[in-house]
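Some notes on the structure that comes next.
FYI, it's all coordinate maths here, none of it is from the lab. If you're wondering where the values come from, they're calculated on a predicted model, not measured in any experiment. Using ideal geometry, Cβ is built from the backbone for each residue, glycine included, and neighbour counts are taken over all protein chains shown.
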Amino acid sequence: MINSLKNDGGCVVDLSAKVAKLSADITCSMIFGKKYMDEDLDKRGFKGILQEAVHLAATPNLGDFFPFLGVIDLQGITRKLKELSKVFDGFLEKIIDEHEQSRDQKQSKDLVDTMLDIMHSGETEFQFDRTNIKAILIDMLVAAIDTSATSVVWTVTELLRHPHVMKKLQKELEEVVGLERMVKESDLEKLNYLDMVVKEGMRLHSVVPVTQREAMEDCVVDGYHIRKGSRIMINHYAIQRDPNVWPEPEKFLPERFVGSSIDIRGRDFELLPFSSGRRSCPAIPLGITVVRLMLAQLVHCFDLELPKGMQPCDLDVDEHFGIVTCKENHLMVVPKYRLNQ
Ligand code: HEM
């Protein structure tokens with residue numbers, strides 16, 4: 001991404017698209033052991049088709065509320081989802097076949113190889129076949145790509161709207177990393193202001209705005225009686241902007257975390273970008289590292305400017321509601337390379 005942005009230097013670039021591509025590449029390399037081209041999945045491309053699936057899954061389906069309408073599929077949601085599921089199925093079958101063919105010659109294993117080893121061992125106490133492998137892979141793809149990319153895009157948007165925060169972050173990066181090289185993963189633990197910026201970005205823009213739970217038994221929470229089997233919606237967006245907890249909640253103020261022990265790993269209930277409990281995001285350390293590293297690299301390598309004639313206050317923060325709430329309009333910037341190497 002850095003090289004591609006360097007080549008685009010001085011031109012207006014669609015940063016949302018670049019970050020989404022990087023996130024898809026990182027995720028595919030991690031899960032499948034290699035990057036896949038957009039067209040390997042479908043002519044709509046990786047990002048396009050994943051977004052369509054996530055959007056459809058978040059669309060209220062009349063058939064869920066009035067079962068007799070489910071048969072008619074008035075909104076066409078079931079038909080479209082079935083069509084998408086065929087595309088994903090074909091893609092994942094191809095990947096599993098490729099891994100099956102090269103299993104014996106491989107030195108290092110990726111996630112698919114590991115799951116195939118488990119499947120072939122026959123030692124699991126539960127059913128584990130190709131269908132389970134495909135379900136896990138799709139879960140990982142959907143859960144990893146959009147969340148990480150969206151977090152980065154929202155935080156860069158806020159940095160562009162608050163140039164003094166951007167400057168302060170760049171200064172920290174200059175002091176810790178210098179201008180002679182790029183950021184390394186090992187630098188991250190020394191970047192305290194970056195940590196606050198990421199937390200504040202995730203607080204203000206809850207990438208997953210709502211999660212759900214089902215009560216396993218009758219219980220009382222904060223005086224409210226909840227019956228067994230009730231579906232509970234947890235509104236992370238509202239919690240993270242609650243004025244009773246967060247002073248000036250609508251403002252982007254990374255400094256609010258100075259001297260604060262509030263963390264984003266599910267322990268502090270006022271800030272739950274990865275949710276909490278047994279069903280919280282299983283990839284919290286990975287998600288945090290990927291977001292911090294992508295953000296640090298972008299801000300360290302480039303002065304990101306707004307397209308000509310645009311002021312920080314003109315930059316919109318319109319949201320596109322979905323399972324993952326991304327920016328409604330793509331973030332366009334002019335990157336100017338700033339390292340000496
Ligand atoms: C900034 C990045 C990320 C954020 C904000 C995020 C957030 C979340 C949230 C809120 C949930 C729902 C948990 C619940 O219902 O309580 C979730 C689930 C999940 N996440 Fe993440 N996530 C991120 C990155 C990742 C990455 C990189 C991966 C995998 C490589 C991943 C894998 C998963 C999986 C597999 C689930 C489903 C867990 C289940 O079904 O119980 N996430 N994530």
Item to complete: Collect residues whose amide H, placed 1.01 Å from N in the peptide plane, falls under 5 Å from the amide H of C326; neighbours closer than 5 in sequence don't count.
Response: H320
Discussion item. Charges at C-beta only: +1 for Lys and Arg, -1 for Asp and Glu. How large is the resulting dipole of region 1-122 about its Cα centre, in Debye rounded to 20?
Written reply: 320
Worksheet item: Name the trypsin sites (Lys or Arg not before Pro) in region 229-306 that are in a loop by DSSP and that have at most 14 other C-beta atoms within 10 Å, would you?
Response: K251, R267, R278, R279
Worksheet item: Which loop trypsin sites (Lys or Arg not before Pro) in region 139-192, with loop taken from DSSP, have no more than 13 other Cβ atoms within 10 angstrom of their Cβ?
Response: R181, K184
Worksheet item: Hey, how many Å between the Cα centroid of region 45-97 and the Cα centroid of region 178-246?
Response: 28
Worksheet item: What is the fewest-to-most order of D97, D110 by other Cβ atoms lying within 10 Å of their Cβ?
Response: D97, D110
Item to complete: Quick one: among S230, S16, S186, which has the greatest mean-square fluctuation in a GNM of the chain with alpha-carbon springs under 10 angstrom?
Response: S230
Worksheet item: Mind checking the dipole of the chain: about its Cα centre, +1 per Lys or Arg Cβ, -1 per Asp or Glu Cβ, Debye to the nearest 20?
Response: 380
Worksheet item: In the structure displayed, which of K35/K336; K167/K336; K21/K251; K86/K134 lie more than 19 Å apart, Cα to Cα?
Response: K35/K336; K21/K251
Item to complete: Under 20 Å Cα to Cα from K94, which aspartates and glutamates show up? Leave out anything in the same chain fewer than 8 places away.
Response: D25, D38, E39, D40, D42, E83, D104, D110, D113, D117, D129, D139
Discussion item. Compute a Gaussian network model of the chain, connecting alpha carbons closer than 10 Å, and tell me which residue from G287, G122, G309 fluctuates the most.
Written reply: G309
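Would you compute, from DSSP H runs of 4+ residues alone, the mean residue ellipticity of the chain at 222 nm, taking -39500 (n - 2.57) per run and dividing by the full residue count, rounded to the nearest 500?
Result for the chain: -15500 deg cm²/dmol, rounded to the nearest 500.
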Worksheet item: What is the packing order of peptides 321-331, 125-135, 203-213, taking the mean over residues of other C-beta atoms within 10 Å and listing the highest first?
Response: 203-213, 321-331, 125-135
Worksheet item: Cα to Cα, under 20 Å, and not fewer than 8 places away if on the same chain: which aspartates and glutamates meet these conditions relative to K327?
Response: D14, E52, D146, E158, E200, E250, E305, D314, D316, D318, E319
Worksheet item: If r is the Cβ-Cβ distance from R227 to N340 and R0 is 51 Å, what FRET efficiency results, to the nearest 0.05?
Response: 0.20
Worksheet entry | Filtered trypsin sites (Lys or Arg not before Pro), region 20-117: DSSP coil and at most 14 other beta carbons within 10 Å | K34, K35, K43, R103, K106, K109
